[in-house]
Amino acid sequence: MTKWKDVRVRQELVEEIEKTLQKGQYQSLSEFVSEAIQTHLQELAKQRIPEYIERDERSRMLEPQSQLYYTPKHVWVKITPQGRIRLGVSEYVGKTQKGIVYVEAAQEGTSISKDEPFGMVETSARWPLVAHDLYSPTDGKIVKVNSDVINEPYTLNGDPYQWIIEIQPNDPEFDKKIDELLTFEEYQKLIDMLEESPHAPNDAELVQMVSKIKQ
């Protein structure tokens with residue numbers, strides 16, 4: 001159970017906050033506190049993200065891109081020698097949203113469905129933190145969760161090819177249908193199309209983009 005403690009605030013700070021509120025810059029104390037928290041989190045992200053990028057660029061070996069496939073919603077997919085599927089989040093998410101600061105995934109033993117979320121990442125692009133759902137490419141059951149990534153989400157900013165979950169697909173022939181997903185080269189074409197688009201595409205528009213790439 002959480003133990004609460006009284007926190008003493010210097011009178012000078014209280015007076016400065018009251019002056020700021022009186023100027024009308026903030027509508028309430030809660031708005032002031034919210035912005036202060038946002039600023040603090042952004043500063044933490046700025047400090048931690050470069051740290052992991054620099055460290056991992058020196059030591060990591062990136063996953064061979066030819067072994068990976070991608071969904072239109074930025075999840076990479078790899079089939080293991082045992083016929084299981086490892087899923088992670090593409091580098092595009094962290095780069096465009098100013099870094100990943102939080103990762104959440106369903107627990108081991110959880111059944112997941114195709115095109116349904118198995119987890120999410122939060123990024124520091126703005127406050128409140130931006131949540132990006134991670135969607136499964138097939139039905140299956142989670143057999144492993146990468147606790148290292150859950151506990152240290154900043155590592156994904158330096159090495160996006162760390163997996164988040166491993167699933168046992170319900171379809172024993174999923175590997176024969178993997179070409180329905182995007183190769184690395186096709187995924188790069190999708191990224192180019194997304195960056196040229198004047199707005200974020202909906203699901204139907206994403207399907208059209210993929211069909212065009214696959215032609």
> So which residues in the range 156-187 are more than 26 Å from Pro81 (Cα to Cα) and not assigned by TED's automatic domain parsing to the domain that holds Phe118?
Replying inline: none
> For the range 92-106, does any single residue satisfy the condition of being modelled with pLDDT of 90 or more and within 23 Å of Met193 (Cβ to Cβ)?
Replying inline: no
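Please find, within the range 71-129, the residue that is nearest to the chain's Cα centre (by Cα) out of those that are of a type in the set (Lys, Arg) and within 20 Å of Lys141 (Cβ to Cβ).
Among those residues, the one meeting the criterion is Arg86.
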> Is it the case that Gly109 is part of a loop (DSSP other than H, G, I, E, B) and among the small types (Gly, Ala, Ser)?
Replying inline: yes
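Just give me the residues in the range 137-181 being among the polar types (S, T, N, Q), part of a loop (DSSP other than H, G, I, E, B) and free of Cβ contacts under 8 Å to residues at least 60 places away in the same chain, in sequence order.
If the condition is that a residue be among the polar types (S, T, N, Q), part of a loop (DSSP other than H, G, I, E, B) and free of Cβ contacts under 8 Å to residues at least 60 places away in the same chain, then Thr138, Asn146, Asn170 are the ones that fit.
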> On the given criteria, is Ile178 modelled with pLDDT under 95, more than 19 Å from Gln97 (Cβ to Cβ) and surrounded by 15 or more Cβ atoms within 10 Å (Cβ to Cβ)?
Replying inline: yes
>> Go through the range 134-160 and report how many residues are over 23 Å from Asp115 (Cβ atoms) and hydroxyl-bearing (Ser, Thr, Tyr).
In response: 3
> Would you pick out the residues in the range 112-136 that are more than 21 Å from Asp171 (Cβ to Cβ) and either assigned to a strand (DSSP E or B) or of a type in the set (Lys, Arg) (or both)?
Replying inline: Met120, Val121, Glu122, Thr123, Arg126, Val130, Ala131, His132, Asp133
> Does the range 187-215 hold any residues that are in a helix (DSSP H, G or I) and within 21 Å of the chain's Cα centre (by Cα), and which are they?
Replying inline: Tyr187, Gln188, Lys189, Leu190, Ile191, Asp192, Met193, Leu194, Glu195, Asp203, Leu206
>> Return the residues of the range 86-113 that are small (Gly, Ala, Ser) and surrounded by 15 or more Cβ atoms within 10 Å (Cβ to Cβ); say none if nothing qualifies.
In response: Gly88, Ser90, Gly94, Gly99, Ala105, Ala106
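The values are calculated or read from the model by the stated rules, or taken from the named source; none is laboratory data. Note that the coordinates shown come from a computational prediction; the quantities given were computed from them, not determined experimentally. Note: ideal-geometry Cβ built from the backbone for every residue, glycine included; neighbour counts use all protein chains shown.
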